[in-house]
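J.: Mind having a look at this structure? Questions to follow.
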Amino acid sequence: MAGVSSRTAHRVVVLMGGPSAEREVSLSSGRECVSALQVAGYEVTAIDAAADLSARLAETRPDVVFNALHGRWGEDGCVQGLLEWLRLPYTHSGVLASALAMDKTRAKAAFAVAGLPVAAGRLACKAEVMARHVLPPPYVVKPNAEGSSVGVYIVPEGANAPPRLAAEMPEVVMVEAYAPGRELTVSVLGDRALGVTEIVTTGWYDYAAKYTPGGSQHILPAVLPDDITDACREYALRAHRALGCRGLSRSDFRWDAGKHLAGLVILETNTQPGMTPTSLSPEQARHAGIDFPALCRWIVEDASCDR
């Protein structure tokens, strides 16, 4: 089945849920994708990913696995490796690109090699981060391998004390210079960068702002100078290619308008963008003339394994 194409797929399994901190988001993404794929004419089975996943996939015998998992295990190359071993075509990025994008430090290194602007930062022990400022404030502390703004701390300028991190934070965290400015994002579908969205919130674009209806305002297309719009789209494509992504990805940026192009910084690339009712990538696809069932169909037709 090496190099198999899914363009004749009829039976699709949607993987959702799973054990990560983003389980609830994944369940929401999965439900939306199941409905859309049924509208698109596929025979769809939903599977809540658990320890018996291999056996359940062998029993179901899908033509394609639609990966609607988010966070660790579903987004970091682990489930991708299982699907490669089972020789099942699957959607989104492969093992290496998934693992690379999920590791923020290594992803930033790949971006830098590709000539993309990144914020300065480093890994640090949790105890060290709580004992002293490891970077001059303002800075951001976050897990090196989580998504959806899980466990993000912002240390403001002038802060006297270092942050008190929650017990569930990992023992090694990423500390990164705070990138001020407007929150921008661009989805890439295959070799095409879709529109640029500006995300407006009353505070930090955290987990609640992302997934609570009304938690943020999406301005699409973002009102930007033409060269900044072009740069966002170009940088998103370059990030997608630098990591070796396939299918759908979404790259997030900060833009400090006072510095013009020098103020544009890429934060990260998400290889499994949310597919919930409040998610950005489906919204950008709709703006580009691709409704949600058509988007899900495209993703299924792009699925492969052994890549």
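The values are calculated or read from the model by the stated rules, or taken from the named source; none is laboratory data. These figures come from a predicted structure and were not determined experimentally. Virtual Cβ from ideal backbone geometry, glycine too; neighbours counted across all protein chains shown. Keep in mind that these areas ignore ligands, DNA and RNA; they rest on the heavy atoms of the full protein, side chains included. Shrake-Rupley method; radii C 1.70, N 1.55, O 1.52, S 1.80 Å.
J.: Tally the residues that are part of a loop (DSSP other than H, G, I, E, B) and at pLDDT below 95, restricting the search to region 43-76. Reasoning before the result, please.
T.: Going through region 43-76, the residues part of a loop (DSSP other than H, G, I, E, B) turn out to be 49-52, 61-63, 68-76.
With at pLDDT below 95 added as a condition, the list becomes 49-52, 61, 70-76.
The number of residues fulfilling the criteria is 12.
J.: Can you pull out every residue in region 80-117 that is free of Cβ contacts under 8 Å to residues at least 24 places away in the same chain and over 25 Å from P143 (Cα atoms)?
T.: Hit for region 80-117 is W85, nothing else.
Matching residues to (1) surrounded by 17 or more Cβ atoms within 10 Å (Cβ to Cβ); (2) not charged (D, E, K, R):
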{"site": "L123", "(1), (2)": "no, yes"}
{"site": "P143", "(1), (2)": "yes, yes"}
{"site": "E146", "(1), (2)": "yes, no"}
{"site": "G158", "(1), (2)": "no, yes"}
{"site": "T185", "(1), (2)": "yes, yes"}
{"site": "V188", "(1), (2)": "yes, yes"}
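J.: Here's a follow-up. With the requirement that a residue be more than 18 Å from E183 (Cβ to Cβ) and among the hydrophobic types (A, V, I, L, M, F, W, C), what does region 267-292 give you?
T.: Of everything in region 267-292, those that are more than 18 Å from E183 (Cβ to Cβ) and among the hydrophobic types (A, V, I, L, M, F, W, C) turn out to be M275, A285, A288, I290, F292.
J.: Step by step: first the residues of region 252-280, then only those that are part of a loop (DSSP other than H, G, I, E, B) and hydroxyl-bearing (S, T, Y), then the one that is farthest from L27 (Cα to Cα). Which residue is that? Before the answer, list the steps.
T.: Step one: list which residues in region 252-280 are part of a loop (DSSP other than H, G, I, E, B), which gives 256, 271-279.
Filter once more, so that each one left must be hydroxyl-bearing (S, T, Y): 271, 276, 278-279.
On the way: T271: 17, T276: 9, T278: 14, S279: 13 Å.
My answer is T271.
J.: State all residues of region 98-140 that are part of a strand (DSSP E or B) and of a type in the set (A, V, I, L, M); if no residue qualifies, say none. Before the answer, list the steps.
T.: Kept after step one, since they are part of a strand (DSSP E or B), are these residues of region 98-140: 121-125, 139-140.
The answer is L123, A124, V140.
J.: From the residues in region 160-181 that are open to solvent by less than 40 Å² (accessible area, probe 1.4 Å) and assigned to a strand (DSSP E or B), which one is farthest from V265 (Cα to Cα)? First the steps, then the outcome.
T.: Kept after step one, since they are open to solvent by less than 40 Å² (accessible area, probe 1.4 Å), are these residues of region 160-181: 162-163, 165-166, 169-170, 173-177, 179.
After this cut, where a residue has to be assigned to a strand (DSSP E or B) as well, the list is 173-177.
Values: V173: 20, M174: 17, V175: 16, E176: 12, A177: 11 Å.
Step by step, filter region 160-181, then rank; the result is V173.
J.: Identify, please: which residue in region 80-97 is crowded, with 22+ Cβ neighbours inside 10 Å and part of a helix (DSSP H, G or I) and is, among those, nearest to the chain's Cα centre (by Cα)?
T.: A97
J.: Could you please let me know if G18 is in contact with a Phe, Trp or Tyr (Cβ under 7 Å, 6 or more places away or on another chain), crowded, with 21+ Cβ neighbours inside 10 Å and closer than 20 Å to T271 by Cβ?
T.: Details: in contact with a Phe, Trp or Tyr (Cβ under 7 Å, 6 or more places away or on another chain): yes; crowded, with 21+ Cβ neighbours inside 10 Å: yes; closer than 20 Å to T271 by Cβ: yes.
Considered against the rule, which asks whether it is in contact with a Phe, Trp or Tyr (Cβ under 7 Å, 6 or more places away or on another chain), crowded, with 21+ Cβ neighbours inside 10 Å and closer than 20 Å to T271 by Cβ, G18 comes out as yes.
J.: Can you run down the residue pairs with Cβ atoms below 7 Å, 6 or more apart or on separate chains, where the first is in region 226-241 and in contact (Cβ under 8 Å) with a residue 12 or more places away in the chain and the partner is among the polar types (S, T, N, Q) and open to solvent by less than 30 Å² (accessible area, probe 1.4 Å)?
T.: Y235/S251; A236/S251; A239/S251; A239/T269; H240/S249; H240/T269
J.: Please go through region 201-251 and pick out each residue that is farther than 13 Å from T271 by Cα, at pLDDT 95 or above and part of a helix (DSSP H, G or I). Quick ask: steps written out before the conclusion?
T.: Filtering region 201-251 down to residues farther than 13 Å from T271 by Cα leaves 201-235, 238.
Then keep just the ones that are at pLDDT 95 or above; that gives 218-235, 238.
Matches in region 201-251: D226, D227, I228, T229, D230, A231, C232, R233, E234, Y235, R238.
J.: Sticking with this one: Of all residues in region 35-79, which are of a type in the set (A, V, I, L, M, F, W, C) and touching a residue at least 60 places away in the same chain (Cβ under 8 Å)? Full working, then the answer.
T.: Residues of region 35-79 that are of a type in the set (A, V, I, L, M, F, W, C), as a first pass: 36-37, 39-40, 44, 46-47, 49-51, 53, 55, 57-58, 64-66, 68-69, 73, 78-79.
If the condition is that a residue be of a type in the set (A, V, I, L, M, F, W, C) and touching a residue at least 60 places away in the same chain (Cβ under 8 Å), then A36, L37, V39, A40, V64, V65, F66, A68, L69, V79 are the ones that fit.
J.: Could you tell me whether V152 is without any contact (Cβ under 8 Å) to a residue 40 or more places away in the chain, in contact with a strand residue (DSSP E or B) (Cβ under 8 Å, 6 or more places away or on another chain) and farther than 19 Å from G244 by Cα?
T.: Numbers: without any contact (Cβ under 8 Å) to a residue 40 or more places away in the chain: no; in contact with a strand residue (DSSP E or B) (Cβ under 8 Å, 6 or more places away or on another chain): yes; farther than 19 Å from G244 by Cα: yes.
Criteria not met by V152.
J.: If you go through region 60-79 one residue at a time, how many are of a type in the set (S, T, N, Q) and crowded, with 22+ Cβ neighbours inside 10 Å?
T.: Of the residues in region 60-79, the ones of a type in the set (S, T, N, Q) are 60, 67.
Next, from what is left, pick out any that are crowded, with 22+ Cβ neighbours inside 10 Å: 67.
Final tally of qualifying residues: 1.
J.: Oh, and also: I need the full set of residues from region 277-307 which are open to solvent by 10 Å² or more (accessible area, probe 1.4 Å) and among the β-branched types (V, I, T), in order please.
T.: T278, I290
J.: Among the residues that make up region 27-38, is at least one of them open to solvent by less than 60 Å² (accessible area, probe 1.4 Å), in a loop (DSSP other than H, G, I, E, B), at pLDDT 95 or above and under 16 Å from H92 (Cβ atoms)? Before you say what the answer is, go through the steps one by one.
T.: The first filter runs over region 27-38 and keeps only residues open to solvent by less than 60 Å² (accessible area, probe 1.4 Å), leaving 27-30, 33-34, 36-37.
Still in the list and also in a loop (DSSP other than H, G, I, E, B): none.
There is no residue in region 27-38 that is open to solvent by less than 60 Å² (accessible area, probe 1.4 Å), in a loop (DSSP other than H, G, I, E, B), at pLDDT 95 or above and under 16 Å from H92 (Cβ atoms).
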